[in-house]
1. Pick from VAL148, VAL192: which is touching a residue at least 24 places away in the same chain (Cβ under 8 Å), farther than 16 Å from TYR4 by Cα and crowded, with 16+ Cβ neighbours inside 10 Å?
2. Can you tell me which residue in segment 48-67 is nearest to SER119 (Cα to Cα), limited to those that are surrounded by fewer than 17 Cβ atoms within 10 Å (Cβ to Cβ) and out of contact with any Phe, Trp or Tyr (no Cβ under 9 Å at 6 or more places or on another chain)?
3. So, ALA70, is that one among the small types (Gly, Ala, Ser) and either within 25 Å of LYS198 (Cβ to Cβ) or surrounded by fewer than 16 Cβ atoms within 10 Å (Cβ to Cβ) (or both) or not?
4. Considering each residue of segment 1-41, count those that are out of contact with any strand residue (DSSP E or B) (no Cβ under 6 Å at 6 or more places or on another chain), closer than 30 Å to GLY93 by Cβ and not in a loop (DSSP other than H, G, I, E, B), and give that number.
Amino acid sequence: MKAYVSIDLEGLPGIASTTMTTPDKTQFSIAVKVITRISEFVAKRLLDLGFTEVYLADSHGLMTNIDYAAVPDGVYLVQGYPRPYSMLTMLDGSFSATMFIGYHSAAGTTRGFLDHTMSGRVFYEVYVNGVKASEFLINSLYAREKGVPVILVAGDAHLRSEVETYSTNIVFVELKKGLSRYAAVYPSLSRVLEELDKGLRTAVDRLKSKHEFKLFLQPPYTLAVKFRDNLVADVAEMTGAERLDAYTIKKTFGSASEMLGFIEVLAYLGLGVEYLKSSIK
């Protein structure tokens, strides 16, 4: 069996400030220790639970947060940005299961710690078939299309309701709870690892027992994206998307891969517009 683990940062314990989220920030070294320790633990436990290979997808920011020197034997580390399909690069039907660790709540979630969807700098809110969508939901639709069940999600407590509302049998493990956009509470790391261990064992047991991991959203997918900057919407409209208002566009897709690819293009487009505005002197 092969396992695919996509690990983000904002939903991890020990992360409570933007001073920890990018390499140029003063406390980024703390985040590297946390994400590396949790990645190493999850990978080793999955190997113990019967997986023969584990792929760790470093899925935050520039996607070079995990210390490669700590990667155990039998584990492959996927790093670097940009890359195809972002947080799920290389995911295909050869994998038996995928897990999302350190995931955060959707953009627009009250008290969600650093809540955003795909690109907080570009997108204000993202909806799929009328549902406010997180990275969990969008990535899960893509994984299902590849024939790989999502069996576990671990992260901010504010993500739990979305997981339980739009899926069945996915194990949710709370790693932290957002108190505001810039504050969170979490137990000791040893307690977090204990809860992760329980969650992993339950999820793998369900997988081996042939539980069906269902998602309730079905194609076609109507994507509505509200941008932070209406100039990005001006440019994005040229893709053929329908303009709903000054900040929002809409487009319908027959597949999750098409939708995820389009979201990624919009994120790059938004960053390009931001750079263009800053370069006009």
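Laboratory data are not the source of any read-out in this text; all were calculated from the coordinates shown. Nothing here was measured: the structure is a model prediction, and the numbers come from that model. Counting neighbours? That spans all protein chains shown, and the Cβs are built from the backbone with ideal geometry, glycine included.
1. Values: VAL148 fails: farther than 16 Å from TYR4 by Cα.
After applying the criteria, what remains is VAL192.
2. Checked segment 48-67; the qualifying residue nearest to SER119 (Cα to Cα) is ASP67.
3. Details: among the small types (Gly, Ala, Ser): yes; either within 25 Å of LYS198 (Cβ to Cβ) or surrounded by fewer than 16 Cβ atoms within 10 Å (Cβ to Cβ) (or both): yes.
Here the answer is yes, as ALA70 does meet what is asked.
4. 5
Yes or no, residue by residue, for (1) at positive phi; (2) under 19 Å from the mean Cα position of the chain (by Cα); (3) aliphatic (A, V, I, L, M):
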residue	(1), (2), (3)
VAL171	no, yes, yes
LEU175	no, yes, yes
TYR182	no, yes, no
ARG191	no, no, no
ASP197	no, no, no
ALA203	no, yes, yes
SER209	no, no, no
